[in-house]
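Everything below concerns the one structure shown next.
None of the figures in this text is laboratory data; all of them are computed from the coordinates on show. This one's a predicted model, so the numbers in the text were calculated from it and none came from an experiment. We place every Cβ from the backbone using ideal geometry, glycine too, and count neighbours over all the protein chains shown.
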Number of protein chains: 2
Amino acid sequence: MLFGEKELLHRRVQVSPPQILALSFLIAIVVGTFLLKLPIATTIPISWIDALFTATSATTVTGLAVVDTGTVFTVFGQVVIMVLIQIGGLGLMSFAVLVVIVLGKKIGLRERILVQEAFNQTSIGGVIRLVKTVFMFSFFIEFIAVILLSMRWVPEYGWGFGIYTSIFHSISAFNNAGFSLFSDNLMGYVGDPVVNLIITLLFITGGIGFTVLADLWHTKEFRHLSLHTKLMLVGTLIINVVAMIFIFLLEYTNPVTLGALDLGDKLWASYFQAVTTRTAGFNSLDIGSLTPGTIVFMLLLMFIGAGSASTGSGIKLTTFIVILMAVLTYLRGRTETVVFNRTLKVQLIFRSLAIAVISLFVVFIAIFALTITEDAPFLMIVFEAFSAFGTVGLSMGLTWDLTSLGKEIIVVLMFIGRVGPLTLAFSLARTKKSTIRYPEGEVFTG
Amino acid sequence: MLFGEKELLHRRVQVSPPQILALSFLIAIVVGTFLLKLPIATTIPISWIDALFTATSATTVTGLAVVDTGTVFTVFGQVVIMVLIQIGGLGLMSFAVLVVIVLGKKIGLRERILVQEAFNQTSIGGVIRLVKTVFMFSFFIEFIAVILLSMRWVPEYGWGFGIYTSIFHSISAFNNAGFSLFSDNLMGYVGDPVVNLIITLLFITGGIGFTVLADLWHTKEFRHLSLHTKLMLVGTLIINVVAMIFIFLLEYTNPVTLGALDLGDKLWASYFQAVTTRTAGFNSLDIGSLTPGTIVFMLLLMFIGAGSASTGSGIKLTTFIVILMAVLTYLRGRTETVVFNRTLKVQLIFRSLAIAVISLFVVFIAIFALTITEDAPFLMIVFEAFSAFGTVGLSMGLTWDLTSLGKEIIVVLMFIGRVGPLTLAFSLARTKKSTIRYPEGEVFTG
Ligand SMILES: [K+]
Ligand SMILES: [K+]
């Protein structure tokens with residue numbers, strides 16, 4: 001062993017972890033673009049911007065597609081996409097876990113012990129072992145899913161394509177990518193219990209965050225779980241139930257979505273669309289046919305996103321919960337935000353608010369730019385921007401009609417959406433003190 | 001003198017100042033609704049909801065109109081509207097100044113001395129004198145404006161209507177109400193220097209905030225001004241110049257707005273629309289004809305709004321500046337936000353972020369509700385919601401077509417938009433400690 005963990009991390013911190021992360025993603029995207037532009041990658045030639053768009057969409061696990069993945073890309077092209085998704089999903093997740101450890105020196109003893117117990121990373125060997133654990137766990141889950149999906153798809157498509165499409169959808173689902181080989185995504189399986197359950201369980205597992213999974217693995221009782229895990233479990237349950245009820249009610253009479261289905265399929269479709277919207281991005285209903293109310297509600301879901309240190313994006317469910325709890329606290333005239341008998345630090349609330357506001361500002365600038373470059377209904381533009389930032393991948397149909405400039409804006413937005421929130425959380429968690437001290441000034445607000 | 005100031009304020013605080021404020025506004029709106037529903041108030045009968053809408057729009061100095069103010073309302077009705085505007089504008093401004101004094105006991109010595117020197121309110125007599133100062137100053141400004149506007153409008157409309165319309169527009173402008181007796185608002189004066197200058201100077205003065213005006217009155221040198229005043233002056237200048245450039249460029253070739261005008265009128269129109277959008281709500285261009293880019297940019301302006309303790313609304317310019325400075329600080333990896341050699345307290349930044357997030361959440365819920373009740377393009381709905389919340393009063397044309405439910409939503413939104421941010425700022429500035437202490441919990445965000 002050449003370096004102790006501390007030394008290694010110290011050297012990394014000098015380049016700044018977010019910079020390493022952004023650079024790795026950039027390299028993956030550039031390499032991916034070249035590979036997808038190769039003649040063997042596509043059945044018809046595609047433009048550089050479409051190759052860049054697809055590579056970015058795959059690496060950032062977004063799933064927005066400017067061309068039909070199933071027909072325009074060859075098996076070689078599709079494998080490239082699969083690998084990019086795997087790199088983008090697992091890469092960010094393991095990176096986030098490392099960042100949590102680095103920051104762990106500043107966070108509570110409880111979580112530090114948890115992370116150390118879970119991964120035993122006390123040296124460079126420990127770090128490698130940790131990343132290995134993340135990868136092994138992910139591959140194991142994906143492997144099980146391939147078997148289960150094959151049981152559904154081999155009878156339908158035969159051995160070759162049956163297993164192949166199971167592998168593709170398993171990787172795409174666990175990494176919350178939302179890419180599908182079917183040109184209508186999963187609309188053909190709107191009422192299929194097997195596909196609905198396996199796909200959603202995959203992306204919920206991938207999207208809840210590795211620290212949550214590790215905590216669940218090591219802790220037997222709910223009250224012994226960390227605050228973060230409790231919030232994620234209860235929060236995921238509540239938001240999914242609420243989303244399902246909203247979508248069910250808002251679409252119930254819509255003849256082009258739920259209206260045409262029987263009650264069982266209505267429930268499956270509401271469930272699927274409720275859980276997929278926060279970041280997975282698969283769809284079993286036609287997004288462009290949803291009512292404006294559902295679409296606007298989905299904007300919120302897409303913005304909230306998945307869990308920290310997961311394969312999903314968005315500002316993160318915990319960020320949203322912290323803001324919500326803090327707001328309720330202040331509206332009741334209290335100052336201490338208490339959840340599960342734990343006080344949320346002002347710094348934590350502050351960090352959450354900052355992440356939300358900065359993220360909204362980024363999305364706003366993108367929407368502003370898109371209204372200038374694109375000639376499309378405003379709702380389609382807004383939906384596309386939130387979908388790209390949350391690396392969701394749902395679209396009302398604008399993606400295919402984007403101008404080159406519009407594609408470039410979405411590419412940048414997907415990139416920021418994937419690495420931005422983690423970068424922000426990292427920066428905001430550091431507490432570098434300024435050397436010059438100024439007196440405090442007061443400003444009236446509100 | 002029966003009560004000392006302390007005793008009086010103490011008794012008020014028990015009902016909570018925001019509650020008094022909300023209640024006064026409610027009473028004004030209810031009385032206004034009944035008066036506007038009287039047969040003598042209108043030339044044709046109007047519905048209760050239209051009377052409520054108009055009373056709310058006037059009291060909250062919004063300016064959104066469901067009927068044409070100049071033709072549907074009689075002089076009696078228009079006088080009611082004028083009085084409601086005056087109550088709503090001056091009422092909130094003086095109330096805000098009082099709140100600043102109450103909170104002043106917790107804010108810096110510098111501002112406290114400033115407020116005390118300016119108003120010398122050391123007793124109940126002082127408080128009354130302070131409110132008197134606010135009122136006298138406002139009436140004086142409005143009086144001067146009436147004389148100046150009359151010089152323009154008496155030659156055009158004769159003595160009667162010329163002076164009357166000057167009074168109406170002077171009150172409407174100083175209080176940032178945006179109501180006009182002309183059915184095309186101020187579009188008939190798009191290139192008129194007198195109307196452009198006087199109207200904009202009126203609402204800029206009313207909208208910059210009374211503490212700023214008092215500080216300017218008492219302080220001779222820029223560097224001796226309070227931090228709040230410096231931010232407001234520099235901020236107002238920058239945002240107006242930036243807004244003017246954006247609107248000028250975005251509309252330059254639009255044949256139905258700037259495109260048809262000569263360069264002089266183009267500049268006047270860009271200037272007017274740039275400064276009016278943050279809360280005043282007059283318009284010299286047809287809002288429904290603007291390009292989507294301009295409309296989206298205006299959403300930001302409407303959300304930002306005017307100054308604290310002013311006749312305007314929105315989250316307030318200082319709130320926006322504080323957020324912007326803090327974000328820039330964190331993106332550069334610093335932790336101390338320094339402006340004009342003063343450090344902004346974390347509590348202040350935190351309060352600003354909270355106001356922004358809660359306000360956005362309110363607007364979002366309204367947009368969600370409006371997409372369900374209204375059958376209109378999404379951009380029109382979003383614009384209407386931001387306009388109502390910022391009590392701006394600009395509309396792309398949706399106001400007249402709103403359903404009854406839609407009108408009710410906008411009524412609530414105007415009310416929250418007017419009293420909400422001040423209420424929030426007040427609540428967030430209080431620091432009531434919880435009696436039960438819980439251990440701190442850590443949550444991962446971003
Ligand atoms: K996705
Ligand atoms: K207004």
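So the values come out like this:
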| item | result |
| --- | --- |
| Neighbouring partner chain Cβ atoms per residue of A:299-307, average, 10 Å criterion | 1 |
| Shielding by other protein chains, A:343-354, mean Cβ within 10 Å | 6 |
| Axis-proximal residue, chain A, for the rotation superposing A on B (Cβ, Å) | A:353, 2 |
| Kirkwood Rh and Cα Rg combined as Rg/Rh, the range A:17-427 | 0.95 |
| Inter-copy spacing of residue B:194 label points, which lie 7 Å from Cα along Cα→Cβ, given in nm from shortest upward | 8.3 |
| Peptide A:326-332, shielding by other chains (average Cβ, 10 Å cutoff) | 3 |
| Charge dipole (debye, nearest 20) of the range A:160-257; +1 at Cβ of Lys and Arg, -1 at Cβ of Asp and Glu | 320 debye |
| Sorted peptide list for B:185-198, B:288-301, A:277-290, criterion being average Cβ within 10 angstrom, highest first | A:277-290, B:288-301, B:185-198 |
| Mean-position separation - Cα centroids, the range A:140-167 and the range A:249-327, in angstrom | 26 Å |
| Pair residue B:252, residue A:336: separation of 7 Å Cα→Cβ label points (nm) | 5.9 nm |
| Residue-wise HN-Hα coupling along the range A:381-398, computed from phi with Karplus coefficients 6.51, -1.76, 1.60 (Hz; x: Gly, Pro) | 5, 4, 4, 4, 5, 5, 5, 5, 5, x, 6, 8, x, 6, 8, 7, x, 6 |
| Vicinal HN-Hα couplings computed from phi for the range A:286-295 (Karplus, 6.51 cos²θ - 1.76 cosθ + 1.60; Hz; Gly/Pro x) | 6, 4, x, 9, 5, 6, x, x, 4, 4 |
